[in-house]
1. Surrounded by 24 or more Cβ atoms within 10 Å (Cβ to Cβ) and not in a loop (DSSP other than H, G, I, E, B): does that describe A576?
2. Taking region 91-109 only, how many residues are open to solvent by 50 Å² or more (accessible area, probe 1.4 Å) and over 15 Å from M698 (Cα atoms)?
3. Can you name the residue in region 621-673 that is free of Cβ contacts under 8 Å to residues at least 40 places away in the same chain and aliphatic (A, V, I, L, M) and is also surrounded by the most Cβ atoms within 10 Å (Cβ to Cβ) among such residues?
4. How do the pairs read when you match residues in region 191-216 that are more than 21 Å from S346 (Cα to Cα) with residues anywhere that are surrounded by 24 or more Cβ atoms within 10 Å (Cβ to Cβ) and among the acidic types (D, E), using Cβ under 7 Å and keeping only pairs 6 or more apart or on different chains?
5. Can you tell me which residues in region 110-139 are of a type in the set (S, T, Y) and either open to solvent by less than 40 Å² (accessible area, probe 1.4 Å) or at pLDDT 90 or above (or both)?
6. R585 fails exactly one of the following numbered conditions: (1) over 29 Å from F129 (Cα atoms); (2) modelled with pLDDT of 95 or more; (3) surrounded by 22 or more Cβ atoms within 10 Å (Cβ to Cβ). What is the number of that condition?
7. Please give the strands (runs of 3 or more DSSP E) falling wholly within region 389-462 in which 2 or more residues are at pLDDT below 95 and among the aromatic types (F, W, Y).
8. Condition first: touching a residue at least 12 places away in the same chain (Cβ under 8 Å) and among the small types (G, A, S). Now tell me which residues in region 826-854 satisfy that.
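The values are calculated or read from the model by the stated rules, or taken from the named source; none is laboratory data. This one's a predicted model, so the numbers in the text were calculated from it and none came from an experiment. Ideal geometry is used to build each Cβ from the backbone, glycine not excepted, and the neighbour counts take in all protein chains shown. Surface areas here come from the heavy atoms of the whole protein model, side chains and all, with no ligands, DNA or RNA. Shrake-Rupley method; radii C 1.70, N 1.55, O 1.52, S 1.80 Å.
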Amino acid sequence: MSAAAVTRRINAGGLRVEVTNGNGAAGVYVAAAAAPCSPAAKRVNDGGGKDDVWVAVDEADVSGASGGDGVRPTLFRTYKVKGSILHPYRFLILVRLIAIVAFFAWRVRHKNRDGAWLWTMSMAGDVWFGFSWVLNQLPKLNPIKRVADLAALADRQQHGTSSGELPGVDVFVTTVDPVDEPILYTVNSILSILAADYPVDRYACYLSDDGGTLVHYEAMVEVAKFAELWVPFCRKHCVEPRAPESYFAMKTQAYRGGVAGELMSDRRRVRREYEEFKVRIDSLFSTIRKRSDAYNRAKNGKDDGENATWMADGTHWPGTWFEPAENHRKGQHAGIVQVLLNHPTSKPRFGVAASVDNPLDFSGVDVRLPMLVYISREKRPGYNHQKKAGAMNALLRVSALLSNAPFIINFDCDHYVNNSQAFRAPMCFMLDRRGGGDDVAFVQFPQRFDDVDPTDRYANHNRVFFDGTTLSLNGLQGPSYLGTGTMFRRAALYGLEPPRWGAAGSQIKAMGNANKFGASSTLVSSMLDGANQERSITPPVAIDGSVARDLGAVTACGYDLGTSWGRDAGWVYDIATEDVATGFRMHRQGWRSVYTSMEPAAFRGTAPINLTERLYQILRWSGGSLEMFFSHSNALLAGRRLHPLQRIAYLNMSTYPIVTVFIFFYNLFPVMWLISEQYYIQQPFGEYLLYLVAIIAMIHVIGMFEVKWSGITVLDWCRNEQFYMIGSTGVYPTAVLYMALKLFTGKGIHFRLTSKQTTASPGDKFADLYTVRWVPLLIPTIVVLAVNVGAVGVAVGKAAAWGLLTEQGRFAVLGMVFNVWILALLYPFALGIMGQWGKRPAVLFVATVMAVAAVAIMYAAFGAPYQAGLSGVAASLGKAASLTGPSG
């Protein structure tokens with residue numbers, strides 16, 4: 001195994017160091033660089049907003065938050081749902097649970113012997129629906145909101161022993177493919193991190209390029225250059241957000257800086273430089289290829305021969321080449337660790353005044369940049385590289401040798417820092433010992449997205465999950481880890497137990513002696529420092545031979561073999577949802593987590609608005625959930641340190657796709673409209689109908705209470721219901737099938753990388769929404785659509801043949817109501833498969849009416865009306881039980 005290629009670049013600057021003498025203007029900029037540039041966070045006095053849904057858990061704590069009594073205030077506030085909402089909510093859950101049990105008991109006493117097979121199938125489905133609903137609902141009984149108090153954190157800094165009281169943070173960004181994950185997203189993510197409002201000498205940024213492409217590396221070189229302009233500009237004018245693409249796309253913005261008169265000229269200059277920067281980024285593929293072709297021709301003397309990919313300095317790129325070759329192809333290349341921006345000194349370095357060569361005045365602005373490191377781990381044939389989890393563990397080890405910050409934030413490459421104080425907010429929970437901060441393994445922020453279509457057709461915002469289900473877990477051990485926008489305690493990622501269960505030093509020593517962390521003694525010796533939450537980051541280290549060898553060792557593809565990496569340490573392997581499994585391991589050890597949000601949102605990203613890509617995304621999530629259930633991460637196998645309701649929450653996360661198998665078959669039952677025999681799911685039918693109506697109504701009333709306390713909209717809730725049904729008719733049953741095949745064949749599941757929206761259309765930013773990518777995954781839901789449209793047509797035909805006033809006609813219309821309900825839930829899917837016609841929903845309505853009319857006419861003309869009209873009604877009503885499944 002070859003050692004990692006290690007180089008080091010001088011902290012790009014070229015700017016003359018000029019310390020100001022403390023004049024008024026300089027004072028403004030210095031304050032902006034040393035303290036939060038954004039407005040100081042207001043002391044939190046309520047958590048609920050205008051409608052006062054939330055009340056403080058301890059009013060005395062909030063009222064005394066100023067610390068006037070000499071006691072330092074807590075760094076966060078805790079709120080609960082007020083009793084007038086919470087108590088009726090819990091009571092309805094209890095009543096519905098009793099109704100479900102009574103319903104099952106009644107069905108057992110009134111078994112339908114005429115259609116025993118149908119009754120047995122529906123009974124099994126209803127039991128599972130009820131069980132799944134209980135798993136989903138119980139963890140929501142005690143929703144808790146926790147809010148970071150940044151003002152209290154600032155007070156703590158101000159009255160601390162030094163202004164650098166905040167601990168060190170390592171920021172991880174992961175990417176693989178510069179095409180499926182457009183490189184412009186990645187560079188904006190890195191730029192927003194470099195410009196974050198956090199002590200510049202106390203955090204470092206790492207990019208993991210798991211594809212090993214020169215495009216990503218040279219993009220980071222360009223980022224390091226452009227950051228010399230962008231970061232001081234952000235500090236000078238208190239820019240929000242600090243991703244340039246998002247900032248320049250904003251129409252208006254409140255100015256929070258101190259030199260408003262210079263903003264417009266500075267902004268025009270920086271925007272011009274950014275447009276040139278984007279041109280260079282967009283042309284990297286052609287630039288590198290042209291350069292490589294020229295070097296190859298010069299070396300070979302002709303057009304054929306070795307087609308190497310060349311760096312700008314005239315050397316071979318050690319990663320993957322455009323033209324694959326031995327040791328330079330995807331899945332086979334050397335490890336690479338390159339420091340692009342050095343660790344800055346602890347002393348501020350101010351920019352220069354405006355001049356002909358430097359049109360922007362940075363004379364009072366700290367122009368230091370955080371440490372920036374590019375990493376691509378070694379890959380060789382025959383090794384299981386474990387995808388994102390393997391890349392994250394390589395990042396964890398490399399960062400331990402270079403900066404070793406006690407806290408870590410991870411991002412997907414399409415997310416950026418939307419609130420410059422986002423790195424400070426998690427510290428309010430991690431550092432507050434009176435609030436149990438020592439036992440907090442990670443802080444999870446909600447995922448917010450840009451460029452989602454205005455109606456959020458495919459529930460990309462997923463607010464029911466984030467602001468409802470995930471927030472409610474704050475009342476237990478905390479939310480699960482959701483893959484991005486998360487701050488970790490490094491000690492928890494190493495697999496150490498919370499301090500109350502054992503000292504970090506003894507745990508590290510025991511695991512190190514057992515070779516659980518691998519053969520690098522330097523890595524093991526760094527762990528105790530990394531577990532100290534008070535420390536900053538490691539001072540600049542010289543990349544000499546020994547450090548280079550250590551870096552090469554910890555990025556080697558075989559380093560994990562025979563160790564605890566991927567199971568008891570680092571991110572968990574062999575599960576598609578490595579994020580949830582990793583968070584579960586921490587919770588089962590006794591750690592806690594916190595879910596919090598802030599305004600503006602801490603982080604924002606992009607979401608797939610194309611139907612096919614969205615379905616592939618939830619296929620990967622649901623398949624990974626099932627993998628988790630059939631692994632050592634099964635919640636049933638956890639010990640006593642896992643809270644009972646937290647165990648139920650994880651059990652629900654890992655089994656929710658199973659219930660959709662019943663939903664799928666229920667949605668196909670309307671086929672029975674075409675059968676001339678009578679099919680009764682349950683008799684007596686009237687009582688059965690009353691039970692269904694009551695149970696379905698209660699779940700919707702409970703949903704409205706959740707809408708109230710979670711702060712989401714009714715549209716968010718409706719979109720969630722719709723997309724749950726879309727997933728239940730295709731994606732989730734497919735995930736169950738994949739898992740069954742894995743269990744029987746032993747072969748793993750391959751889930752493709754979700755491609756972000758890339759359809760170019762200058763006139764329509766949502767062009768990808770109307771692009772149809774036909775894949776087999778769409779077929780089951782199309783079949784369900786066709787069956788239910790046909791069932792409505794047959795119901796209309798039966799009503800016309802028998803007459804609306806007859807018993808058969810009334811039952812036919814009643815059954816049709818449930819078919820129409822299913823079609824309403826599948827409405828976004830129907831628009832999606834219409835492509836460009838989906839821009840005109842009226843076309844879908846007309847086409848549906850015509851299809852229903854055609855089926856009705858055919859039935860009335862050729863199908864003799866039978867007394868079995870109730871069969872379709874019963875089958876359709878059976879689908880109503882699907883609504884007892886989890887809605888969040």
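1. no
2. So the answer is 2.
3. L637
4. H216/D209
5. Answer for region 110-139, where residues must be of a type in the set (S, T, Y) and either open to solvent by less than 40 Å² (accessible area, probe 1.4 Å) or at pLDDT 90 or above (or both): S122, S132.
6. (1)
7. none
8. Result: A830, G832, G835, G838, A851, A853, A854.
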